[in-house]
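Participant: Would you mind keeping the following structure in view while I ask a few things?
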Amino acid sequence: MKKAIEERLRLELASAAKRRADASTDLRFAVLRASTWGISQREIAAILGVSQPAVSQMLGTVRRASLGHGPIGRHVLEHRDDIVRIARQHEASRLRVFGSVARGEDTDDSDLDLLVEMPTGVGMLAIARLGDELADLLGFPVDIVPEHQVKAESLEALLASAVLL
């Protein structure tokens, strides 16, 4: 009888551990989705009852998990700070990776698709210059898509699969 109880407790522990791992993964991706939609780390932290640095750490973990599968995504992670710096110089913010890189399906022949926030007055030439400068840095094509140029009906689906850089 003791062995049967011990076995049942082992199974119960294993089941609880699996639920905990699943909940942790769900939480990380919920944090990523909220952040991608523009909810601040501070607000997310307040909702979760954790510190803002804890939210930042969660986002970093999810970012590495999402983008770190393929060669382009790994390269983007390695150069993240430079990408963000260059984007800011071109008035771009809230960089979100979408497409094959965000799905972890990128290959050596993939390009990088970036959804960005930019002032509405920024022209196509300035957007192209940003893409060219990032392509020079990274060594592969970069497509820049300003959020305000995406139709509302397409934006939700795009954001659902995007990874905040």
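Participant: Connecting C-alpha atoms closer than 10 Å in a GNM of the chain, tell me which of ARG28, ARG85, ARG94 has the biggest fluctuation.
Facilitator: Of the options given, ARG85 has the highest mean-square fluctuation.
Participant: Computed FRET efficiency, Cβ-Cβ of ALA160 and GLN89, R0 35 Å: what is it to the nearest 0.05?
Facilitator: 0.75
Participant: Using Cα-Cα distances under 8 Å and only pairs 6 or more residues apart, what relative contact order does segment 33-151 have, in percent?
Facilitator: This gives 21 percent for segment 33-151.
Participant: Roughly how big is segment 6-131's charge dipole about its Cα centre, with Cβ charges of +1 (Lys, Arg) and -1 (Asp, Glu), in debye to the nearest 20?
Facilitator: 420
Participant: Just going by the charge dipole of the chain, with Lys and Arg at +1 and Asp and Glu at -1 on Cβ, which of SER154, GLY70, SER24 is farthest out on the positive end?
Facilitator: It is SER24, whose Cα lies furthest towards the positive end.
Participant: In terms of Cα to Cα distance under 23 Å, which lysines are near enough to LYS18, apart from those fewer than 8 places away along the same chain?
Facilitator: Answer for LYS18, where 23 Å is the Cα cut-off: LYS3, listed by chain and number.
Participant: Could you let me know the centre-to-centre spacing of segment 47-119 and segment 129-165, using Cα atoms, in angstrom?
Facilitator: First find each Cα centre; the distance between them is then 11 Å.
Taken together, the values in this text are just the output of simple stated rules run on the coordinates, not laboratory data. Since we're looking at a predicted model, the values are computed, not measured. Cβ sites come from the backbone with ideal geometry, for glycine too, and all protein chains shown count toward neighbours.
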